[in-house]
Amino acid sequence: YDRKELRKRLVLEEWIVEQLGQLYGCEEEEMPEVEIDIDDLLDAANEEERALKLQETLVDCYKPTEEFIKELLTRIRGMRKLSPPQKKSI
């Protein structure tokens, strides 16, 4: 793994958890099961598809999610999917 990319990913995931806590108005432990898969978003064909996936994930959130979605899409722009480390053959 590229350490810089991993660090960016970790910072992004921490930001997501913090934002979801604000959106759902609760602490991380009390948060509903909301799974935002960054690699899945990066697999999407375009921004619209990514936004749709996020809207579907956040469908039960009663607060407006548009700003969160817009910011998340901005933050993942330019990121790469993390592929599993390659096993070296001997």
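Taking every protein chain into account, the accessible area of the chain amounts to 75 square angstrom per residue (probe 1.4 Å).
Spin-label pair residue 34-residue 81: with each label point 7 Å from Cα along the Cα-Cβ axis, the two points sit 2.5 nm from one another.
Of the accessible area of segment 3-77, computed with a 1.4 Å probe over protein heavy atoms only, carbon and sulfur atoms account for 46 percent. For the pair residue 47 and residue 73, label points projected 7 Å from Cα toward Cβ lie 0.6 nm apart. In this Cβ point-charge picture (+1 for Lys and Arg, -1 for Asp and Glu), the chain has a dipole of about 900 debye about its Cα centre. Checking (1) 1.02; (2) 1.32; (3) 1.11 against Rg/Rh (Cα atoms, Kirkwood Rh) calculated from these atoms, the matching label is (1).
The values are calculated or read from the model by the stated rules, or taken from the named source; none is laboratory data. Computed from a predicted model, the values in this text were never measured in an experiment. In this analysis, Cβ positions are derived from the backbone assuming ideal geometry, glycine residues included, and neighbour counts consider all displayed protein chains. Surface accessibility is based on the protein's heavy atoms, side chains included, excluding ligands, DNA and RNA. Shrake-Rupley method; radii C 1.70, N 1.55, O 1.52, S 1.80 Å.
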